[in-house]
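For reference, the structure is listed below as structure tokens.
Read-outs: derived from the displayed coordinates by stated rules, not from any lab. None of the values given here were measured: they were computed from a predicted structure. Because the Cβ atoms are built from the backbone with ideal geometry, glycine has one as well, and the counts that use them run over all protein chains shown.
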Amino acid sequence: MAKNVNKKQRNKRYTVSEVVDLLEDCGDYESADVRPLFNLMNERFQKYFQQEENLSVDESMIPYFGRHSAKQFIKGKPIRYGYKVWILTTSLGYAFNLIPYQGAATVKAVPGLGMGGQVVLDLVTALPQNCFHVTFDNLFSSLALAEELTRRGLACTGTVQAKRTGD
């Protein structure tokens, strides 16, 4: 941190979008490792998690309107431009776990699951051993994912499209 930053600025608490802006100033977002920040946030989310049976997986956006190669556009979302984050929440909207989207490198590829299925598995790995019901939309849904979640002792509900091919 620069020597001329006063104490008030140094002790300021930043929002996630402000941290992303700071990382952008330091260099390219994709090469800047934001995982430690997300790991710290996930640690805190999980520490104060009030166990609830029903959980949901979806994508969320951190608003950003500047120019950047990692900025995403999602049609039909209230926040259409920004940085995409995969998120596991309770029915009340409390975040339990989140993963920043970084293209194909977001998660390790698992044969037969696809990126959506692997995102769900990565998000639920931190869940304590208990009965949970995970809900997700057709972006994540597949028969292979439902079978894997069942093997892990989790119930799931997902939407599917009639014309979808494959698993």
Can you give the FRET efficiency to the nearest 0.05 for Lys163 and Asn54, using r as the Cβ-Cβ distance and R₀ = 22 Å? 0.15
Report the full-extension gain for the segment Lys77 to Asn130: residue separation times 0.36 nm, less the Cα-Cα distance, to one decimal in nm. 15.9 nm
